[in-house]
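Read the structure below first, then the notes.
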Protein chains: 2
Amino acid sequence: MAAHPAARNLDDDAALLDGWVITHDTIAEGVHYLPDDPADTVGWKLAAVNASDLAGKGAKPEAALLSLAMRGDGAWEAAFLDGLEQALGEFGMTLIGGDTIALPDGSPRVLGMTALGRAGASTPSRSGGKAGDTLWLAGTVGNAAAGLHQLKADPSASGTLVDAYRKPRPLIEAGALLASNAHAMMDISDGLLIDASRLAKASGLKAEIHLSALPLSEAFREARGNGLDARLLAATGGDDYALLVSGGEDVLGISLPAGTRLVAIGRLVEGGGLSLSHDGAEVPAPERLGYEHRA
Amino acid sequence: MAAHPAARNLDDDAALLDGWVITHDTIAEGVHYLPDDPADTVGWKLAAVNASDLAGKGAKPEAALLSLAMRGDGAWEAAFLDGLEQALGEFGMTLIGGDTIALPDGSPRVLGMTALGRAGASTPSRSGGKAGDTLWLAGTVGNAAAGLHQLKADPSASGTLVDAYRKPRPLIEAGALLASNAHAMMDISDGLLIDASRLAKASGLKAEIHLSALPLSEAFREARGNGLDARLLAATGGDDYALLVSGGEDVLGISLPAGTRLVAIGRLVEGGGLSLSHDGAEVPAPERLGYEHRA
C-alpha cells in the first residue's frame, strides 16, 4: 500500500518527511503493561516508547499527538496524564493534538502516540548495515525483563529493575550523537535478538551476536546472575530502550553522555538469519527471539 | 500541557506545524461503527474521518500513520485494509507508518489514524469567527443519521443513506477552496449543533442556526420528512462530513466542485451559546446537540 518515499517501504520504525521523523506506537493494557502498573508510569511509558523510536533515528523529539481509548476512570486518567506530562517535559516534547474516546466498561485501554522529531544531519534506517560492520549496543539490556519477572512474582516489588520496566529512559542524546556515524540504527524495544534480526534482514545480511559481550547492569547480575540463561533472558526480554548501531570502528570515537555504555556485541556478515555465541562456543538461537507485535 | 504554538491551544481539530496540518482520530467498534458493518467500510471510514478533519482546515491530504488494535481475524483485517487502501487512494494519501497490535479475544477493535496534509495559503481555525459572520454549510446534513436509523431497524438495509453512514465522502476540494475566504472553518462530524457551538465558543460568540435553512437531501426527505423533528435529527445526528464556514458574503463567490451545495444556515452574533429557529420562530435547543467524545 505504501508508495510514499517517506515510508521507507514500511521497513523502519519511523517515517522521514520534510525533515521530520514521525513514528506511532500503541500500548494496550494487559499486553504492553500490567493492569496493576501505576497509571503515571503507564503515561510515562507511552511517551518513552515513542521518544525511543525517535532516538533510534537520531531525531530530536518535539511534538506528540495522543490517541487514548479510555474507560471512564477519571482518577486513573489524571494520574496517567501526570506521568505523561512529566515524560514529555523530560524528553523535550509538547502535545499538539489527538483524540480521546470512551470504550465500553471492561475493555482494555488502548493508548497510542504519534511522535514527531526533528531529523538530525543523518537519519539512519534499519537497512543501511554493511557486511563487516560491528554491531554496537548503547545502554544495557535485561533490566526491564528482570523487573517484569520480579513484578509477576510480587506485585509490590520495587527497585532499579522494576523502574526500568515501568519508567524506561530513552537514549535521546546518545541517539543524536550516534546517528552521524551509524550505517544503520534502531532502538531495542522488542528484544535484542529479534530487533537485531530485523536490522540484519533489512540490510540483507546475517547478524552474529556474542552473548558474553552483552552489557548487563549490576542490578541485573544480582537478580539473575551472569550465565547463559540470564544472558538469553536479557537478549530476548525486550523493553530495553537501548540502541543497536551498525557501523565501523569510528562509532567508538563518539563521545556519549556520561553513564551511557557503548560496547561491541557482534557484527554483520554475508548471509541471512542470526547466529549466537557464548564464551566462544556457538549456541542455538532460542525459539522466541523477543516480542512479536502480532501472532 | 500543550504549550507548542502548533497546538492552537488544543482548541482545534488539527495542529499546524511547518506547513503541515496534522490530525488524529480514533474509531472503536460498537462506539463509532457497528460490529456488523462490513470491514471494508470500516477501513474507508477511518480514512474518511481523518481526511475530513484535514478538509476542514483547507489542507491537501498526503500521508497517514495507522494505529490498529486488532483481534486476530485475518479475513476481517484484509477486507478492512482493502477499504482503507481504496479510500487513501481516492483522497490522495499514502501510508507512511504505524503500529498494529493484537488485543485479547473479545476486546473491541480500536482503530486510529494520524493524517498529515499540506496546508494551503490559509488554515482557518475554529476560533476566527467574527460577529456578524454568516454561517455557511457546504454539503448536506442528516443522511448518515438517517442511514444509521435504517441499519438499526434492519441490518441488511442499503441505499444512499446507509452509504452516507458507512462510506462518507470528505469535501476535500471544497475545503481547500473555502479556506481562503473563511474566517473560521471545521468539518461537521459530531453533529451540526454541537460543532457549531464549538466554533462559536472558540470564537467567543453565539451561534444562531436556522433549522429551516438546513440543506437536506432528497433521500433524507423521503425517509424522514421535512418537519422540525427531521431537521433536529439532521442537526444533531453527526457523521455528516459537511463543512461549516464562518465568513462574509464573499464566501458565496467561491466556485465549488459540481454537486457541492453551499447555503447560509445562520450567523455568529455577540454573546454565547446557541439559539435555534424554525420557520421564523424560536425553538428550544435539544438536550443532546450531537456526539460527545467523552461522557
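Bear in mind these aren't lab numbers, they're just calculated from the coordinates by the rules spelled out. It should be emphasised that the depicted structure is a prediction, and the values quoted were computed from it without experimental measurement. Virtual Cβ from ideal backbone geometry, glycine too; neighbours counted across all protein chains shown.
A few remarks follow.
- Peptide B:55-68 - average C-beta neighbours from other chains (10 Å radius): 3
- For residue B:154, label point 7 Å along C-beta direction: distances to other copies, nm: 6.5
- Under-5 Å amide H pairs with residue A:94, H placed in peptide plane, nonlocal only: A:63, A:64
- Order by protection proxy (mean Cβ within 10 Å, highest first), peptides B:20-32, A:33-45, A:230-242, B:260-272: A:230-242, B:20-32, A:33-45, B:260-272
- For the peptides B:107-116, B:67-76, residues were scored by their other Cβ atoms within 10 Å and the scores averaged per peptide; the highest-first order is B:107-116, B:67-76.
- Within the protein assembly as shown: Cβ-based charge dipole about Cα centre, in debye rounded to nearest 20 (Lys, Arg +1; Asp, Glu -1): 580 debye
- Applied to region A:30-38, the Karplus parametrisation 6.51 cos²θ - 1.76 cosθ + 1.60 on θ = phi - 60° returns per-residue 3J(HN,Hα) values of x, 10, 9, 8, 7, x, 8, 4, x Hz, with x for Gly and Pro.
- Sorted from shortest to longest, the distances between the residue A:92 label points of this copy and the other copies are 3.4 nm, with each point 7 Å from Cα along the line through the beta carbon.
- Per-residue HN-Hα couplings for region B:137-145 [Karplus 6.51, -1.76, 1.60; θ = phi - 60°; Hz; x = Gly/Pro]: 10, 9, x, 10, 10, x, 4, 5, 4
- In nanometres and ascending order, the distances from the residue A:204 label point to those of the other copies are 6.1 (point 7 Å from Cα along Cα→Cβ).
- Number of Lys-Lys pairs in chain B with C-alpha atoms under 24 Å apart and a separation of 8 or more places or on different chains: 12.
- Remark: mean inter-chain Cβ contacts per residue of B:21-33 equal 5, using a 10 Å Cβ-Cβ cutoff to other protein chain atoms.
- Take each residue of peptide B:83-90, count the partner chain Cβ atoms within 10 Å of its Cβ, and average: the result is 1.
- Selection among A:98, A:121, A:46 by position relative to the dipole of region A:33-172 gives A:121 as farthest towards the positive end (Cβ unit charges, Cα centre).
- Dipole-positive endmost among A:170, A:256, A:281 within chain A (Cβ charges, Cα centre): A:281
- Among B:80, B:220, the ranking by other beta carbons within 10 Å of each residue's beta carbon, starting with the fewest, stands as B:80, B:220.
- Over chain A, DSSP H runs of length four or greater, each weighted -39,500 (n - 2.57), average out per residue to a 222 nm ellipticity of -9000 deg cm²/dmol.
- Electrostatic dipole magnitude of chain A [Cβ: Lys, Arg +1; Asp, Glu -1; Cα centre; debye, to 20]: 520 debye
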